[in-house]
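What follows is a single structure, written as structure tokens, with notes after it.
No value in this document is a laboratory result; all are computed from the given coordinates. Since the structure is predicted, the reported quantities are computational estimates derived from the model, not experimental observations. All Cβ positions, even for glycine, are placed from backbone atoms using ideal geometry, and neighbour counts span all protein chains on display.
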Amino acid sequence: MLCQFSFQNFKSYREETTFDFQASSVPEFADSLITKDKCSSLLPVSAVYGPNGGGKSNLLLALASLISTVVKPIHDLEKNRKPLIMQQRVAAEPFLFDPVSAEKPTEFRIFFRTEEYEYRYYLAVLQDEISAETLDRKKIGGKKPAHIFYREGEEISLGTILKKENVNTSINAKMPFISFLAINYNIPVIAEVQEWFESCIIRSYANPMAEMQIMVSDDAEIKKSILLLLNDLGIDVDDYRYDEKEKQLFLKRRIGEADYELPFSHESDGTKKLIAILPVLLVALQEGRLVIIDELDAKLHPKLLRYVISMFQNRKINRYGAQLLFTSHDMATMKNTVFRRDEIWFAALNDCHSSEIYSLYEIRREDNERVNSTAAFDKQYLEGRYGADPYLQSMLSGGDWK
């Protein structure tokens with residue numbers, strides 16, 4: 001489970017930027033949180049809003065860049081331990097609107113949790129070469145973290161666990177040490193980190209071809225779940241099959257006494273989007289994976305988007321700590337009946353043309369109080385009160401805080 005992600009000098013982000021999945025001390029929707037003894041509660045969902053060009057997608061790309069930098073060498077050599085779902089290589093591109101940043105490394109820091117341990121991993125990349133890398137872990141509830149390895153340039157320092165394994169420290173400058181270890185050794189601590197990175201699902205619906213890439217399962221239980229969900233969402237489908245000869249998915253509907261099949265390509269855009277995304281979400285919920293989706297709301301009715309969000313917020317459905325991080329423009333879902341204040345994030349450009357992010361919970365009113373949990377989030381956002389949509393802010397007048 002993702003706890004926190006920080007990065008700097010990546011695309012439109014120049015300064016260190018931190019995104020947090022750790023729950024704040026707010027009372028709303030407490031029963032939706034991912035909880036565990038002796039550690040902080042985590043959010044099951046976070047949505048990122050903001051204007052076009054504000055940095056929403058780049059936030060997700062930064063996380064995708066770190067994940068793919070670790071996973072791609074492993075996958076290329078077919079050494080992955082978990083099946084990858086829709087990951088793709090994202091290069092670490094620095095901030096380019098000043099003469100200094102282009103010569104500095106892009107830095108990533110990630111804090112995530114497994115069943116028994118909390119891991120902190122740091123990676124710095126400069127012109128496709130690894131300039132620094134660190135991995136530490138701590139037993140959940142423990143006080144002192146264990147140093148797994150530290151890398152600075154060509155020098156690699158090993159912690160006690162790796163010293164016992166007699167591992168090689170002479171590696172390619174472009175290869176993360178964590179990836180090298182995963183490829184060449186069978187070390188439990190490394191395998192656990194590897195599997196976490198490999199479990200992450202990355203999807204971008206800013207790319208129209210994404211809806212044509214479908215996961216099809218013949219497993220009876222999975223198929224049954226997909227069909228039940230489609231019907232719950234108002235898509236009347238009795239069955240589906242994939243025709244190998246035609247390389248086409250067909251959906252079956254029973255109308256009257258007859259069965260009819262319709263090619264997937266003939267379905268509505270909303271139906272195609274649902275059929276493309278539901279199998280991915282089901283896998284995430286069944287296996288406790290992190291799902292990262294750009295423009296999740298594209299072509300989805302707001303009620304369908306709410307349904308998807310509610311699956312992750314429902315502890316009876318989300319039993320294994322799956323998490324959903326997505327970008328959205330859908331104001332109909334920015335409601336206090338849908339989200340906690342710390343589940344809503346904004347991305348926007350500052351005066352230096354660099355992106356920044358902040359959560360709704362962090363925003364202070366003029367009286368220095370936080371935004372009320374009962375406030376009309378969508379209305380106040382459209383009025384420009386949250387500072388993440390300068391276009392609308394100049395068009396709409398403000399009002400009193402509620």
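Which ³J(HN,Hα) values, rounded to whole Hz and listed in residue order, are derived for region 195-200 from phi using the Karplus coefficients 6.51, -1.76 and 1.60 in 6.51 cos²θ - 1.76 cosθ + 1.60 with θ = phi - 60°, glycine and proline given as x?
With coefficients 6.51, -1.76 and 1.60, one gets 5, 5, 4, 5, 6, 5 Hz.
Out of the trypsin sites (Lys or Arg not before Pro) in region 232-273, which ones are loop residues according to DSSP with at most 16 other C-beta atoms within 10 Å?
LYS245, LYS247
Using the Karplus curve 6.51 cos²θ - 1.76 cosθ + 1.60 with θ = phi - 60°, what ³J(HN,Hα) values do you get for each residue of region 300-307, in whole Hz, with x for Gly and Pro?
Calculated HN-Hα couplings, in order: 9, 4, x, 5, 5, 4, 4, 4 Hz.
Can you tell me the order of 304-314, 224-234 when each peptide is scored by its average per-residue count of other Cβ atoms within 10 angstrom, highest first?
Descending packing order for the listed peptides: 304-314, 224-234.
Quick one: net charge around LEU42, please, counting Lys, Arg +1 and Asp, Glu -1 for every other residue with C-beta under 10 Å from its C-beta.
My count for the surroundings of LEU42 gives +1.
Placing +1 at every Lys and Arg Cβ and -1 at every Asp and Glu Cβ, with all other atoms neutral, what dipole size does the chain have around its Cα centre, in debye to the nearest 20?
Computed about the Cα centre, the dipole is about 920 debye.
Subtract the Cα-Cα distance of GLU16 and ASP98 from 0.36 nm times their separation in residues, and report this length gain in nm to one decimal.
28.0 nm
From the phi of every residue in region 239-248, what ³J(HN,Hα) in whole Hz does the Karplus formula 6.51 cos²θ - 1.76 cosθ + 1.60 yield, where θ is phi - 60° and glycine or proline is x?
Per-residue couplings from phi come out as 6, 8, 8, 9, 8, 5, 5, 8, 6, 9 Hz.
Using the Kirkwood formula on the Cα atoms of region 64-172, what hydrodynamic radius do you get, in angstrom to one decimal?
Result for region 64-172 stands at 15.8 Å.
Which order do peptides 274-283, 362-371 fall in by mean Cβ count within 10 Å, highest first?
274-283, 362-371
Along the charge dipole of the chain, pointing to its positive end and built from +1/-1 on Cβ of Lys, Arg, Asp and Glu, which listed residue (HIS301, ILE67, LEU42) has its Cα farthest out?
Working it through, the farthest residue towards the positive pole turns out to be LEU42.
Just to confirm the filter: which GluC sites (Glu not before Pro) across region 52-129 are DSSP coil and have at most 16 other Cβ within 10 angstrom of their Cβ?
Here the sparse-neighbourhood loop sites are GLU78, GLU115, GLU116.
Based on the Cβ-Cβ distance of LYS138 and LYS316, what FRET efficiency does E = 1/(1 + (r/R0)^6) give at R0 = 25 Å, to the nearest 0.05?
0.25
What net charge is computed for the residues neighbouring PRO27, neighbours being all others with C-beta under 15 Å from the C-beta of PRO27, Lys and Arg scored +1, Asp and Glu -1?
With Lys, Arg at +1 and Asp, Glu at -1, the neighbours total -1.
Loop only per DSSP, at most 16 neighbouring Cβ atoms within 10 Å: give me the trypsin sites (Lys or Arg not before Pro) in region 53-123, ordered by residue number.
LYS79, ARG81, ARG89
In a Debye calculation with equal point scatterers on the alpha-carbon sites of region 110-172 and no solvent, what is log10 I(q)/I(0) at q = 0.18, 0.28 Å⁻¹?
Ignoring solvent entirely, the Cα scatterers give -0.72, -1.18.
Less than 13 Å Cβ to Cβ from ARG254, Lys/Arg counted +1 and Asp/Glu -1: what total charge do the surrounding residues give?
Its environment carries a net charge of -4.
Give the shape of the chain as rounded, prolate or oblate, defined through the alpha-carbon gyration tensor: a ≥ b ≥ c are the square roots of its eigenvalues, a/c under 1.5 means rounded, and otherwise the shape is prolate if a/b is larger than b/c and oblate if not.
The shape class here is oblate.
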